[in-house]
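The structure under discussion appears below in the form of structure tokens.
The values are calculated or read from the model by the stated rules, or taken from the named source; none is laboratory data. The structure presented is a predicted model; accordingly, all values stated were derived computationally and were not measured. With ideal geometry, Cβ positions are generated from the backbone for all residues, glycine too; neighbour counts draw on all protein chains shown.
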Amino acid sequence: TDLYAVVGNPIGHSKSPRIHLEFAAETKQDLFYKAILVPLDGFDTEAKRFFKHGGLGMNITVPFKEDAYRFADEYTPRAQRAQAVNTLKRLDDGRLLADNTDGAGLVRDITVNNNIALKDKRILLLGAGGAVRGVLQPLLAEQPNCIVIANRTVNKAEQLAEDFADLGKVSGLGFADVDEPFDVIINATSASLSGELPPLNPSIISPETVCYDMMYGNSATVFNQWATEQGAKLTIDGLGMLVEQAAEAFFLWRGVRPSTAHLMKTLRDERR
Ligand code: ATR
């Protein structure tokens, strides 16, 4: 049986084993997928051990995505741009190919599952950490009108905008500098994790604004609650992105694309 795993810290609540095992059942792939808790300084040790013992692919979650980037031998262009890696695949010659499927998962959830085109839209990204870096190239590939990155630490937003300027119209600002309405607003700050909300100007939301929180939980995220209160047209949480980034990794590993709609519905129903 082919072996796959997700590594992270913490890892206990990861839905990845469940998702990938359901994909495997659906596509009739003979594989096993487990979660591995790795000590904070232990990524390289675990990755060496895992691939030495025949592991074929690994998903990487917080806080090891930059470690995985360093550890890999070859990169997809989007992983190279992201400088963070959520998927490793062992190639036939034993070398490790690194990919980042987060952005593709986000874009697919927005454009396919929610049927929202990003072409020519004005997009606001909240945050300027690894989560934003990971999705910028796939978002820009949709040819939006512009992407504005707003962050608490303004120079991080400016730097990111500079790093991706060759791919489209991107700028970096502070939260206070953003007060025009946007078509799509994507929250990628880790503020949500602690139930906090960045100091956002309500005027960024119009009745046409779609809000997307990369986080998800058993109830609406603080950002999505706020967006609803401001009259946003639609709020979406990150469960769809989670399932789609997994499907994209599964495709890289196995060459077959699992269907996601049924699983997503099951996961949503279980939260109620
Ligand atoms: P990730 O990999 O999730 O992106 P990260 O690289 O640590 O994690 O980035 C976290 C992001 O959330 C950053 O943009 C951070 O803002 P700073 O760059 O100013 O640190 C943002 N963030 C975290 N807590 C926040 C808060 N309470 N309010 C606003 N932004 C916050």
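Candidates are the residues of segment 65-89 that are buried (at least 20 other Cβ atoms within 10 Å of the Cβ), outside any loop (DSSP other than H, G, I, E, B) and free of Cβ contacts under 8 Å to residues at least 60 places away in the same chain; the one that is farthest from the ligand (Cβ to nearest atom) is Leu88.
Does at least one position in segment 200-213 carry a residue that is touching a residue at least 40 places away in the same chain (Cβ under 8 Å) and under 18 Å from the mean Cα position of the chain (by Cα)? The answer is yes; a qualifying residue exists. Among the residues of segment 145-167, those that are charged (D, E, K, R) and farther than 14 Å from Leu200 by Cα comprise Lys156, Glu158, Glu162, Asp163, Asp166. When each of Leu160, Leu193, Leu200, Leu173 is tested for being of a type in the set (A, V, I, L, M), within 9 Å of the ligand (Cβ to nearest atom) and either modelled with pLDDT of 95 or more or over 18 Å from Val135 (Cα atoms) (or both), the lone residue that passes is Leu193. Residues that are crowded, with 22+ Cβ neighbours inside 10 Å, outside any strand (DSSP E or B) and in contact (Cβ under 8 Å) with a residue 12 or more places away in the chain do not occur anywhere in segment 141-150.
Only residues that are surrounded by 12 or more Cβ atoms within 10 Å (Cβ to Cβ) and either among the aliphatic types (A, V, I, L, M) or not in a loop (DSSP other than H, G, I, E, B) (or both) were counted in segment 27-59, giving 20.
Evaluated against (1) in contact with a helix residue (DSSP H, G or I) (Cβ under 6 Å, 6 or more places away or on another chain); (2) away from the ligand (no atom under 16 Å from the Cβ); (3) of a type in the set (A, V, I, L, M, F, W, C), Phe50 falls short on exactly one condition, (1). Is there a residue in segment 128-139 that is outside any helix (DSSP H, G or I), touching a strand residue (DSSP E or B) at 6+ places or on another chain (Cβ under 8 Å), more than 12 Å from the ligand (Cβ to nearest atom) and not assigned by TED's automatic domain parsing to the domain that holds Arg49? The answer is no, given that none of the residues of segment 128-139 is outside any helix (DSSP H, G or I), touching a strand residue (DSSP E or B) at 6+ places or on another chain (Cβ under 8 Å), more than 12 Å from the ligand (Cβ to nearest atom) and not assigned by TED's automatic domain parsing to the domain that holds Arg49. Only one residue in Val62, Val107 is in a loop (DSSP other than H, G, I, E, B) and of a type in the set (A, V, I, L, M), so which one is that? Exactly one residue qualifies, and that residue is Val62. You will find that of Ala220, Ala227, Ala246, Ala232, the residue that is touching a helix residue (DSSP H, G or I) at 6+ places or on another chain (Cβ under 8 Å), without any contact (Cβ under 8 Å) to a residue 60 or more places away in the chain and either within 15 Å of the ligand (Cβ to nearest atom) or more than 19 Å from Cys146 (Cα to Cα) (or both) is Ala220 and no other.
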